[in-house]
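> Pasting a structure below so you can have a look.
The values are calculated or read from the model by the stated rules, or taken from the named source; none is laboratory data. The shown structure was predicted, so the numbers you read here are calculated from the model rather than taken from an experiment. Cβ sites come from the backbone with ideal geometry, for glycine too, and all protein chains shown count toward neighbours. These area figures cover heavy atoms from the full protein model, side chains too; ligands, DNA and RNA do not enter into them. Shrake-Rupley method; radii C 1.70, N 1.55, O 1.52, S 1.80 Å.
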Amino acid sequence: MPSSLTCAQDPPATLDTVGLVDQRLGNAGTSGSAPILEDGDVDPWALPQLKDTGQSWKELSMAGRVLQGAAGFLKACGLLGSLYLFICSLDILSSAFQLLGSKVAGDIFKDNVVLSNPVAGLVIGVLGTVLVQSSSTSSSIVVSMVASKLLTVRASVPVIMGVNVGTSVTSTLVSMAQSGDRDAFRRAFGGSAVHGVFNWLTALTLLPLESAAAPLERLSALALGAASLQPGGRAPDILKVLTRPLTRLIVQLDADVITGRGTGNATNSSLIKRWCGTEVQTTAGNSSTCAAATGGPCPARNSSAAEEQLPCRHLFEGTALADLAVGFILLAASLLVLCACLALIVKLLSSTLRGRVGQAVSTVVNAGGPWGGGEGGGEEARLRVTGSPSADFPSPFGWLSGYLAILVGAGLTFALQSSSVFTAAVVPLMGVRVISLERAYPLFLGSNIGTTTTALLAALASPSDMLISAVQVALIHFFFNLAGILLWYVVPVLRLPIPLAKRFGDLTARYRWVAVAYLLLSFLLLPLAACGLSLAGSTVLAAVGGPLLVLVLLIILVAILQRHRPAWLPRRLRSWAWLPLWLRSLEPWDRLVSRCCPCKACSPPQAAAKEAHCYENPEVLASQQL
């Protein structure tokens with residue numbers, strides 16, 4: 001056998017082929033899901049030890065201090081400018097998706113018969129939010145439909161769940177801009193996946209419960225009855241105030257058109273805003289007799305007032321292009337700017353957050369995480385990985401750091417008035433090892449809470465005829481995310497999104513096309529399939545979905561037993577080696593994708609390919625001298 005395929009291991013000598021494969025695979029079920037430690041035994045999810053390789057400030061000369069200060073100032077300006085353009089590009093990206101998918105989204109939401117099906121309602125909420133790239137817009141459509149009696153409050157609950165799931169697609173798109181570096185892509189995509197996995201787990205858990213007992217609807221009704229509503233509150237508009245001067249020069253959209261399409265009241269065929277106000281021109285009466293008789297100006301009846309519409313001032317003002325064409329232009333331009341700004345942000349952060357600065361930032365942000373003392377780590381682990389002590393809470397209260405991160409995420413999202421911007425800003429920080437996955441998880445949960453409080457204040461500003469419906473829908477959204485935190489964060493052993501996100505990150509680091517497959521399957525193909533089955537009838541849904549669900553649960557159960565209690569399983573089920581290769585490994589699929597995409601970005605690294613050969617051929621392992 002060639003030496004390049006040698007797979008030397010040190011297991012106990014009593015292991016046979018099945019036991020050896022079990023240990024080599026870690027009983028993970030599929031070989032592609034095993035974490036690949038490309039840097040030896042270093043955990044790719046651990047925070048690095050940050051060392052200051054430059055001279056200290058005291059050792060620098062006056063000229064060196066001036067140069068270092070100027071470089072730091074220019075880096076700060078470049079970072080802030082790139083971040084500003086990054087946020088603006090996200091706004092333009094949202095406008096592009098609205099132009100491309102607003103008509104489809106309006107037609108989807110308009111079919112209230114379909115929305116009465118809980119599964120279809122969940123899927124439509126996901127697809128509608130993915131199309132318009134704005135949970136606020138989707139929520140506004142739902143509120144308008146409930147207020148117009150086109151949709152009941154109970155039928156709106158699954159749609160709100162889908163809206164919450166669909167908003168996580170933005171961070172996934174942002175993470176794919178870091179696919180050039182496998183290690184950074186592993187962490188960035190894992191960070192975006194932890195948000196999506198949390199939203200999906202919460203929706204799939206609460207949807208059957210809501211269909212059976214409607215706890216969210218009843219809880220929101222109780223809260224609504226106990227509260228004395230005072231309309232007129234508005235959420236802060238800090239982010240829009242900063243970005244609007246630039247984005248409004250590129251394109252302006254009429255959000256009422258999307259809402260009107262959802263409720264069937266659309267009057268304008270184009271979403272591009274053409275008129276931005278009116279100007280009243282008053283012409284006074286010029287009768288000299290009137291002026292002489294009254295000793296002053298003529299009465300109002302001798303005056304004439306005319307309203308003149310004022311055109312909007314933006315790049316696509318009065319364009320003859322269709323909304324679809326403008327949407328494609330903005331989509332290409334916004335993605336180009338977004339990727340360029342993200343690459344620049346990553347480079348600047350990598351050069352800035354090093355040494356003492358990086359140690360301080362990493363210690364404060366990740367306090368109480370797995371490398372601190374609050375959530376299963378310790379001071380020794382923190383010193384070993386980061387080289388600095390943790391800024392954790394005192395010993396009895398270390399667990400509070402995660403909940404403080406939830407409050408920080410909620411507060412920042414409330415101030416920015418956009419969960420997409422907050423999550424999209426956290427993802428690249430994870431890629432450059434500033435924020436750990438364990439710390440990003442509560443930040444994302446807080447972001448979910450923050451966007452619901454913003455929606456609640458926006459609901460209080462609704463007209464009086466829509467106030468009750470708007471507030472109840474906003475409360476349902478809030479209680480949904482609060483229930484998700486109670487389910488998947490309060491009990492540490494139930495924080496399943498973290499290990500699942502790490503599995504996704506490891507897979508995408510080895511097979512980058514898995515990120516695209518995850519995006520298409522999670523937010524398009526599987527929701528469409530579930531919607532089609534649900535519309536075919538409950539019998540068809542149960543006949544097709546029931547066996548598939550049972551099969552998935554059995555596979556998960558066998559995989560757990562393979563990892564923890566292999567002796568409880570029959571000998572044949574202690575590994576997946578008896579399955580065809582294309583059922584237990586992604587290697588055949590990877591070769592297929594590599595033929596269609598013959599580029600290095602789509603293929604695994606050479607070391608991973610050799611290791612995969614050992615994983616997927618038990619006879620190779622059995623033939624080696626161990």
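> Give all pairs with beta carbons closer than 6 Å in which a residue from the range 570-595 that is without any contact (Cβ under 8 Å) to a residue 60 or more places away in the chain meets a residue that is part of a helix (DSSP H, G or I) and of a type in the set (G, A, S); count only pairs at least 6 apart in sequence or on separate chains.
Partner pairs satisfying both residue conditions: none exist.
Rundown of residues vs (1) charged (D, E, K, R); (2) out of contact with any strand residue (DSSP E or B) (no Cβ under 9 Å at 6 or more places or on another chain); (3) within 28 Å of L429 (Cα to Cα); (4) modelled with pLDDT of 85 or more, yes/no style:
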{"position": "A458", "(1), (2), (3), (4)": "no, yes, no, no"}
{"position": "M466", "(1), (2), (3), (4)": "no, yes, no, no"}
{"position": "Q472", "(1), (2), (3), (4)": "no, yes, no, yes"}
{"position": "L486", "(1), (2), (3), (4)": "no, yes, yes, yes"}
{"position": "V493", "(1), (2), (3), (4)": "no, yes, yes, yes"}
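> Which residues, counting only those in the range 551-578, are open to solvent by less than 40 Å² (accessible area, probe 1.4 Å) and assigned to a helix (DSSP H, G or I)?
Result: V558, A559, L561, Q562.
> Select from the range 467-501 the residues that are out of contact with any Leu (no Cβ under 7 Å at 6 or more places or on another chain), buried (at least 18 other Cβ atoms within 10 Å of the Cβ) and over 23 Å from S420 (Cβ atoms) and list them in ascending order.
Within the range 467-501, S469, R495 qualify.
> Taking into account only those residues within the range 423-449 that are more than 23 Å from D91 (Cβ to Cβ) and modelled with pLDDT under 85, which is most open to solvent (accessible area, probe 1.4 Å)?
R433
> Still on this structure: When you scan the range 397-440, how many residues do you find that are among the β-branched types (V, I, T), under 29 Å from S179 (Cβ atoms) and assigned to a helix (DSSP H, G or I)?
6
> For the range 351-364, state whether one or more residues are in a helix (DSSP H, G or I), modelled with pLDDT of 75 or more and open to solvent by 50 Å² or more (accessible area, probe 1.4 Å). Even if it seems obvious, please write down each step before you answer.
Here is the first cut: in the range 351-364, the residues in a helix (DSSP H, G or I) are 351-352, 355-364.
This time we only want the ones that are modelled with pLDDT of 75 or more, so: none.
Looking through the range 351-364, none of the residues is in a helix (DSSP H, G or I), modelled with pLDDT of 75 or more and open to solvent by 50 Å² or more (accessible area, probe 1.4 Å).
Matching residues to (1) modelled with pLDDT under 85; (2) open to solvent by less than 80 Å² (accessible area, probe 1.4 Å); (3) among the aromatic types (F, W, Y):
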{"position": "W513", "(1), (2), (3)": "no, yes, yes"}
{"position": "V516", "(1), (2), (3)": "no, yes, no"}
{"position": "S522", "(1), (2), (3)": "no, yes, no"}
{"position": "A529", "(1), (2), (3)": "no, yes, no"}
{"position": "S534", "(1), (2), (3)": "yes, yes, no"}
{"position": "S538", "(1), (2), (3)": "yes, no, no"}
{"position": "L549", "(1), (2), (3)": "no, no, no"}
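> Could you tell me whether A235 is modelled with pLDDT under 85 and touching a Leu at 6+ places or on another chain (Cβ under 7 Å)?
Yes: the conditions hold for A235.
> For the subset of the range 151-201 comprising residues that are basic (K, R) and closer than 18 Å to I435 by Cα, which member is least open to solvent (accessible area, probe 1.4 Å)?
R186
> Additional query: Considering each residue of the range 535-560, count those that are in contact (Cβ under 8 Å) with a residue 60 or more places away in the chain and either small (G, A, S) or more than 19 Å from L204 (Cα to Cα) (or both), and give that number.
2
> Follow-up. Return the only residue of A155, A177 being more than 12 Å from the chain's Cα centre (by Cα), of a type in the set (G, A, S) and within 12 Å of A424 (Cα to Cα).
On the way: A155 fails: within 12 Å of A424 (Cα to Cα).
Sole residue among the options that is more than 12 Å from the chain's Cα centre (by Cα), of a type in the set (G, A, S) and within 12 Å of A424 (Cα to Cα): A177.
> When the range 450-466 is examined, which residues are found to be surrounded by 21 or more Cβ atoms within 10 Å (Cβ to Cβ) and touching a Phe, Trp or Tyr at 6+ places or on another chain (Cβ under 7 Å)?
Across the range 450-466, the qualifying residues are G450, T452, T454.
> Being of a type in the set (A, V, I, L, M, F, W, C), at pLDDT below 85 and under 23 Å from R510 (Cβ atoms) narrows it down to one residue among A227, A177; which is it?
A177 is the lone residue from the list that is of a type in the set (A, V, I, L, M, F, W, C), at pLDDT below 85 and under 23 Å from R510 (Cβ atoms).
> Quick one: which residue in P588, P566, P580 is at pLDDT 85 or above and more than 23 Å from A517 (Cα to Cα)?
Within the list P588, P566, P580, the selection yields P566.
> Scan the range 480-523 residue by residue and report those that are under 15 Å from the mean Cα position of the chain (by Cα) and of a type in the set (G, A, S).
The answer is A501, G505, A515, S522.
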